[in-house]
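These notes concern the structure reproduced below.
The values are calculated or read from the model by the stated rules, or taken from the named source; none is laboratory data. Predicted, not measured: the structure shown is a model, and the values here were computed from it. As a convention, Cβ positions derive from the backbone with ideal geometry for all residues, glycine included, and neighbour counts pool all protein chains shown. Protein only, heavy atoms only, side chains kept; ligands, DNA and RNA dropped before computing areas. Shrake-Rupley method; radii C 1.70, N 1.55, O 1.52, S 1.80 Å.
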Amino acid sequence: MSGSRTANPRLLIVEDDDGLCSQYRWAFPGCNVLLAHARAQAVALVKREFPPVAIMDLGLPPDPDGVSEGFATLEEVLRIAPQTKVIVVTGNGERKTALRAIASGAYDFCEKPVEIEVLRTIIDRGLNLHRLEEENRRMAVAPGISPIARIVTGDPGMLKICRDIEKIAPTSVPVLLLGESGTGKEALARAVHDLGQRAKNPFVALNCGAIPENLLESELFGHERGAFTGAVKQSIGKIELAHTGTLFLDEVGDLPHPLQVKLLRFLQDQIVERVGGRQKIQVDVRIVSATNANLEEKINRGVFRGDLLYRMNAFTVRVPPLRARGSDIILLANFFLNRFNQEFGRRMRGFTDEAGAAMMAHDWPGNVRELENRLKRAVVMSEHRMIDAADMELSPREGGIPDLDLRTARLRAENHVIKAAMARSNNTLSLAARLLGVSRPTLYGLLEAHGLINETVRPGDGARQAAAVPDETA
């Protein structure tokens, strides 16, 4: 934008009639009026000033009696500045042309002879809408309250996690990230690395669940030439590649039991032995691990080592699912909408009320990743300017406006808070009870009352825990 902007809103006039230009300048003294008589001038002004509103005559030279040049100008202006509200001016009786302009992206139209009061009302509406959209974009693209660049949030729980990450990042202690798939665990892992003293050194990621078990040891520790069939040359493992930096072990709960022993040994002394080799290699690596599995349950079943867990979880972060983050759903939806608008050259303006209600009602089993993918498809495929629930393949919220009965509203709020506490505590009754300020037996009773037992508590666990603890506030 131009550095010489005034406090008055910029109003672009694209008109080849000098008399009308003078009339417009006189009629809108509260605006910084920018005049263009042809397409080239209009495009240059738009590139420099990005006016919030423009008035455009479709009959422009070299086609003053037609509309071809006007439509070409409209298309180019909106390509450069899709947020500009373009008001087209058409001849009397040319309603079909005006509707075509609206379909091409114009904000509104006004017929000649122009009634200044009507046009002033349309301009005021356009300026207000542009101002609101700008505010929404600022909130979505730069929610400055989040201290971590890759995390878009306004949720108090997520903001606390971000602040905790900031505190722990400068140290070298191992970090364990717990949470469902798609909640942003890798973004937090990168933040641990980027905000710490190892930021300029390697960040190496390995998905323990995506590599066949027979190849995982070599991938992690490396191998020497001839160590096994097909090992035609020496290979450096992920641990060595991460020397002086950070190794991110995603889905560490899927690590085979034999490799858990080797990883535990490495965590104890930071020494690597490649497969087929005898040389002990000293490395300096910070370990950040993540999983969507319940590691305590795996320990009880004997498929995960308790001593390994205690080595990895010097600092544990429980990442809440998207459904427990309230208005973050809409905040993230706007963030992705703006990003994909730019990426795909679209001009989607926002979401219908039905789309907003459907997003808030959806359970988001795939979390932020699911929201991102649904928004990408919607921005690419939607044939309208406002994204609807159907564009995201979401079912419209049943019942429309929620029941306003106070008792029903309280139960609805209680249900939401209980779900959020269970999600944030990774379905650990004692921790969830502390978050809610109640005892474990009381929480178990609430879970039963809301029909959430099967969703949150393994068979027998809740009853056993409730019976074992006296009824006192945690």
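Odds and ends about this structure:
- Some residue of region 314-321 being farther than 24 Å from Val192 by Cβ, surrounded by fewer than 21 Cβ atoms within 10 Å (Cβ to Cβ), among the hydrophobic types (A, V, I, L, M, F, W, C) and within 31 Å of the chain's Cα centre (by Cα): no
- Qualifying residues in region 232-248 (those that are crowded, with 21+ Cβ neighbours inside 10 Å and assigned to a strand (DSSP E or B)) - the one nearest to the chain's Cα centre (by Cα): Phe248
- Under the condition of being assigned to a helix (DSSP H, G or I), under 19 Å from the mean Cα position of the chain (by Cα) and not β-branched (Val, Ile, Thr), the residues counted in region 372-391 number 9.
- Among (1) among the hydrophobic types (A, V, I, L, M, F, W, C); (2) modelled with pLDDT under 90; (3) open to solvent by less than 40 Å² (accessible area, probe 1.4 Å); (4) out of contact with any Lys or Arg (no Cβ under 9 Å at 6 or more places or on another chain) - the single one Val86 does not satisfy: (2)
- Among residues of region 431-454, those that are open to solvent by less than 40 Å² (accessible area, probe 1.4 Å), part of a helix (DSSP H, G or I) and among the β-branched types (Val, Ile, Thr), counted: 1
- Filter result (assigned to a loop (DSSP other than H, G, I, E, B) and charged (D, E, K, R)) within region 338-368: Arg346, Arg347, Arg349, Asp363
- So Val114, is it without any contact (Cβ under 8 Å) to a residue 24 or more places away in the chain, more than 19 Å from Gln41 (Cβ to Cβ) and of a type in the set (Val, Ile, Thr): no
- Some residue of region 68-82 being at pLDDT below 85 and open to solvent by 40 Å² or more (accessible area, probe 1.4 Å): no
- Positions within region 26-66 being exposed (fewer than 15 other Cβ atoms within 10 Å of the Cβ) and over 20 Å from Ala101 (Cα atoms), in sequence order: Trp26, Pro29, Gly30, Ala44, Lys47, Arg48
- Among the candidates Glu251, Glu297, residue that is of a type in the set (D, E, K, R), in contact (Cβ under 8 Å) with a residue 24 or more places away in the chain and surrounded by 16 or more Cβ atoms within 10 Å (Cβ to Cβ): Glu251
- Single residue of Arg265, Arg274 found to be open to solvent by 50 Å² or more (accessible area, probe 1.4 Å) and over 22 Å from Leu178 (Cβ atoms): Arg265
- Qualifying residues in region 78-104 (those that are in contact (Cβ under 8 Å) with a residue 40 or more places away in the chain and assigned to a loop (DSSP other than H, G, I, E, B)) - the one farthest from the chain's Cα centre (by Cα): Thr84
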